[in-house]
Amino acid sequence: MIDKYAPNFKKLMDKYPDIKKGLTMPDGNIYSLPSFYDPSFLPMLIGTPLWVNKEWLDKLGMEEPKTTEEFYQYLKKVKDTDLNGNGQKDEIPYSSAGIGNLINQVKGAWGLGNRGLGHAYVDVDPATNKLRFTKTDPKYKEMLQYVNKLYAEGLLDKEIFTIKDSALYAKGQKGVLGSTVIPNPATLMNQKKFIGLGALKGPQGDQLYSHVKVPMVHVGAFAITNKNKNPEATLRWMDYFYSEEGAKFYFMGQKDVTYKESSDGKMEYVDDITKNPQGLTQDQALAKYFTWLGGSYPGYVQEKYFKGSETLPEAVATGKKAQPNAVKEIWNNFNFTDAETELMSSVGKDIQSYVSEMEAKFVNGSASFDEWDKYVATVQKMGLDQYMKTYQAAYERYSKK
């Protein structure tokens, strides 16, 4: 049906063969249409950079952190200085919803995550060129020790394990954050003084920007069921959003209603969205007109039509900084057979839950690093060999497509 009724999507598949790889199920069929980000649109693939407060850096007379040690020194200074000048020690050096955001941002400083964010537990060991389960690697232990040091010294928000996005944004709007990981402090917290960091260099000299999403972020963004009486028409309708005209309409809306176009063809949202008179953030103002804010829509995201927070100057600048050290080979998500899915949702899920639980305990100090070997042995006992064999089989299929 794609060949016959989806010329725009077919063109995209021809241009980016990885789309077919990621969409094709183990039985050789394609069942859905994806959300696909232009692979050259790095700020979009980064999504949520590590932001630091530039105004506070300037006040402290500090350069933008380039290493994990410099980032640590900055957080320490934020904790000890009344940078917002209100006479209270209410500055929070770092906050985000969960510890995973920070871990995903700094693990590249230990050379981990070299196939991108789509594979949170497995990458390729550069020494052997074989698959590696990163969460039991000695480098991962070192990275967790670094994050534990930040926590132990009070440099991470006390509520980091429980805070939800909305509460985090409210905190940010009060002007108390030194750093965070979110799409953009300007659009979500009305804080315009933040800059995004590039790849931090780690203690052993590793410097990898591994916080890069899979370009095909959502494989099942759109599917047609067997109850659909007009699948051809449905597919033609959906295919429109993979065209230039469809993408423009979906992300920008109507000319002179939601966006203005200059004589050179440059598009910008109207002032009602970017400088909302009711004081709404840009995302809140956009929500009156658009459905893409929730993510997972079928469509093709390109910089020229997508004017979310990822295309604002500070996000584009972060992309430029990240580019030289960004992951070179990004894997799409692997598609597992029924038997493999069963193993991944039983043994795999148990391993992943245990790893997450222990990760939090190592960071907050309720588990000592003396227990590391016991932790590694437990992951092994839980069926890590089976897990890795399953991953290997899916990887081999993926590589052959």
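The values are calculated or read from the model by the stated rules, or taken from the named source; none is laboratory data. Just so we're clear, the structure is a prediction, and the values are computed from it rather than from any experiment. We place every Cβ from the backbone using ideal geometry, glycine too, and count neighbours over all the protein chains shown. For the accessible areas, the whole protein counts, side chains as well, though only heavy atoms, and no ligand, DNA or RNA atoms are used. Shrake-Rupley method; radii C 1.70, N 1.55, O 1.52, S 1.80 Å.
Taking a ≥ b ≥ c as the square roots of the Cα gyration tensor eigenvalues, with a/c under 1.5 meaning rounded and otherwise prolate when a/b beats b/c, else oblate, which class fits the chain? Could the numbers behind the result be given before it?
Details: a/c = 2.03, a/b = 1.10, b/c = 1.84.
Note, shape of the chain comes out oblate.
Counted over the chain, the DSSP beta bridges are approximately 65% antiparallel. Packing order of peptides 22-31, 342-351, highest average first: 342-351, 22-31 (average count of other Cβ atoms within 10 Å over each peptide's residues).
So if we plug the beta-carbon distance of GLU153 and ASP338 into 1/(1 + (r/R0)^6) with R0 = 56 Å, what FRET efficiency do we get, rounded to 0.05? All intermediate terms of the calculation are to be shown ahead of the outcome.
Details: r = 48 Å, r/R0 = 0.86.
Working from the Cβ atoms, E equals 0.70.
Karplus-based coupling profile of the range 152-161, in residue order and whole Hz: 4, 8, x, 8, 10, 3, 4, 9, 4, 7, with θ = phi - 60° in 6.51 cos²θ - 1.76 cosθ + 1.60 and x standing for Gly or Pro.
About its Cα centre, how strong a charge dipole does the range 96-158 have in debye, to the nearest 20, once Lys and Arg get +1 and Asp and Glu get -1 at the Cβ? List each step's numbers first, then the result.
Working: 9 positive and 6 negative charges, 28 e Å.
Computed charge dipole of the range 96-158: roughly 140 debye.
Remark: spin-label model distance LYS4-SER40 equals 3.4 nm, labels positioned 7 Å along the Cα→Cβ axis. Look at where the Cα atoms of the range 158-182 and of the range 196-242 average out, and the two centres are 27 Å apart. Each of the peptides 183-190, 76-83 was scored by the mean count of other Cβ atoms within 10 Å over its residues; in descending order, highest first, they stand as 183-190, 76-83. Close amide-amide hydrogen proximity is noted between LYS201 and THR67, THR68, each under 5 Å apart and 5 or more residues distant or on a separate chain (H modeled in the peptide plane; Pro and chain starts excluded). Rounded, prolate or oblate: which fits the range 203-348 when a ≥ b ≥ c are the square roots of the eigenvalues of the alpha-carbon gyration tensor, with rounded for a/c under 1.5 and prolate only if a/b beats b/c? Oblate is the answer for the range 203-348, as a/c is 1.5 or above yet b/c matches or exceeds a/b.
Each of SER166 and ILE30 was given a label point 7 Å from its Cα along the Cα-to-Cβ line. The distance between the two points is 3.9 nm. Couplings 3J(HN,Hα) of the range 207-213, computed from phi: 8, 10, 8, 9, 7, 10, 6 Hz, in residue order, whole Hz [Karplus 6.51 cos²θ - 1.76 cosθ + 1.60, θ = phi - 60°; x for Gly and Pro]. If R₀ is 30 angstrom, what is the calculated FRET efficiency for the pair LYS349 and ASN228, using the beta carbon separation as r and rounding to 0.05? Using R0 = 30 Å, I get an efficiency of 0.40.
Could you tell me which of rounded, prolate or oblate describes the range 203-266, using a ≥ b ≥ c as the square roots of the eigenvalues of the alpha-carbon gyration tensor, with rounded for a/c under 1.5 and, failing that, prolate when a/b is larger than b/c and oblate otherwise?
Working: a/c = 3.97, a/b = 1.25, b/c = 3.17.
Oblate.
Between the range 1-50 and the range 91-123, how many Å separate their Cα centres? So the two Cα centres are separated by 25 Å. Under a 5 Å amide H cut-off, with hydrogens placed 1.01 Å from N, ILE92 pairs with LEU177, GLY178 among residues at least 5 apart or on other chains.
Partners of LYS321 within straight-line reach, counting lysines whose Cα lies under 16 Å from its Cα and excluding those fewer than 8 residues away in the same chain: LYS54, LYS66, LYS201.
Within the shell of other residues whose beta carbon sits under 15 angstrom from the beta carbon of GLN282, the net charge comes to -2, with Lys and Arg scored +1 and Asp and Glu -1.
Multiply the residue gap between LYS374 and GLN173 by 0.36 nm, knock off their C-alpha separation, and tell me the result in nm, one decimal place.
Extra length available between LYS374 and GLN173 comes to 68.1 nm.
On the beta carbon distance between VAL257 and ARG236, with R0 = 35 Å, the FRET formula returns roughly 0.85.
When ligands, DNA and RNA are left out and all protein chains stay put, how many square angstrom of accessible area per residue does the range 42-107 have with a 1.4 Å probe?
Values: 2550 Å² over 66 residues.
That works out to 39 Å² for each residue.
Between amide H atoms placed 1.01 Å from N, distances below 5 Å from ILE163 occur with GLY98, all of them 5 or more places distant or on a separate chain. Within the same chain, aspartates and glutamates fewer than 8 places from LYS135 are excluded, and of the rest, those with a Cα less than 13 Å from its Cα are ASP123, ASP125, GLU357, GLU359, ASP373.
Sequentially through the range 307-315, phi angles give Karplus couplings (6.51, -1.76, 1.60; θ = phi - 60°) of 10, x, 4, 6, 9, 5, x, 5, 6 Hz, Gly and Pro residues having no value and appearing as x.
Under a model in which nothing but the beta-carbon of Lys, Arg (+1) and Asp, Glu (-1) is charged, the range 148-220 shows a dipole of about 200 debye around its Cα centre.
Measuring against 26 Å, Cα to Cα, the residue pairs LYS139/LYS361; LYS141/LYS381; LYS320/LYS349; LYS328/LYS381 contain LYS320/LYS349; LYS328/LYS381 as the ones spanning a longer distance.
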